[in-house]
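Notes follow once the structure below has been shown.
The values are calculated or read from the model by the stated rules, or taken from the named source; none is laboratory data. Keep in mind the model is a prediction, meaning the values are calculated, not measured. Cβ placement follows ideal geometry from the backbone for every residue including glycine, while neighbour counts extend to all protein chains displayed.
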Amino acid sequence: MTVHLVKLCVGIDSIAELVRYREEMAQKRRTSKKPLEDQHWTRSFPRRADEVLDGGSLYWVIRGRLCVRHRILRLDEVEDEAGKAYCAIVYDPTVIVTEIRPRRAFQGWRYLEVEDAPPDLPDQRSALAHAIAEEALPEDLRQELRGLGLL
């Protein structure tokens, strides 16, 4: 049975910013000796790794909104320069926009059951274009529209 992971996307304020950040990091990896794959390091290795690897995704919470995901490819055991153990969540670089769900802040990552996961938006191109256009609005207007459930 599949299970997903949820992480806070700290330091990112919008889907458009996440897309830009991923593109910048991919460019840096191409010009350095770092692995080319998109990955996120976390301290804890999921105990339910087999379920995560059975079609699970990494869902991101951006500013209190669960709104995008990446398909998880594998979970690697890695160490930093000091020898500290981590789990590298290696994921597909494609950003998949989902229906927005409010989500409170938390530490680390959480499991997300399949039945609780927001569905993907049907038209991914339009969803990404909308996310980029939303960023052009003044922040106070975005907050008001979010409060009304319109963004």
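A compact table of results
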{"item": "Tally, over region 43-53, of residues that are touching a strand residue (DSSP E or B) at 6+ places or on another chain (Cβ under 9 Å) and closer than 14 Å to H4 by Cβ", "result": "6"}
{"item": "Of the criteria (1) closer than 22 Å to E115 by Cβ; (2) in contact (Cβ under 8 Å) with a residue 60 or more places away in the chain, which one T42 fails", "result": "(1)"}
{"item": "Wholly enclosed strands (runs of 3 or more DSSP E) of region 51-130 bearing at least 2 residues modelled with pLDDT under 95", "result": "65-79, 96-102"}
{"item": "Residue within region 21-32 that is out of contact with any Ser or Thr (no Cβ under 9 Å at 6 or more places or on another chain), among the aromatic types (F, W, Y) and under 24 Å from P122 (Cβ atoms) present", "result": "no"}
{"item": "Flag if I12 is modelled with pLDDT of 95 or more, touching a strand residue (DSSP E or B) at 6+ places or on another chain (Cβ under 8 Å) and crowded, with 16+ Cβ neighbours inside 10 Å", "result": "no"}
{"item": "Tally of residues being surrounded by fewer than 17 Cβ atoms within 10 Å (Cβ to Cβ) and either charged (D, E, K, R) or closer than 18 Å to R110 by Cβ (or both) across region 74-85", "result": "7"}
{"item": "Condition met for R71 (surrounded by 13 or more Cβ atoms within 10 Å (Cβ to Cβ) and free of Cβ contacts under 8 Å to residues at least 12 places away in the same chain)", "result": "no"}
{"item": "Filter result for E37 (loosely packed, with under 13 Cβ neighbours inside 10 Å and acidic (D, E))", "result": "no"}
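Rundown of residues vs (1) within 12 Å of the chain's Cα centre (by Cα); (2) in a helix (DSSP H, G or I); (3) at pLDDT 90 or above, yes/no style:
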residue	(1), (2), (3)
L5	yes, no, yes
R20	no, yes, no
M25	no, yes, no
R29	no, yes, no
S32	no, no, no
W41	no, no, yes
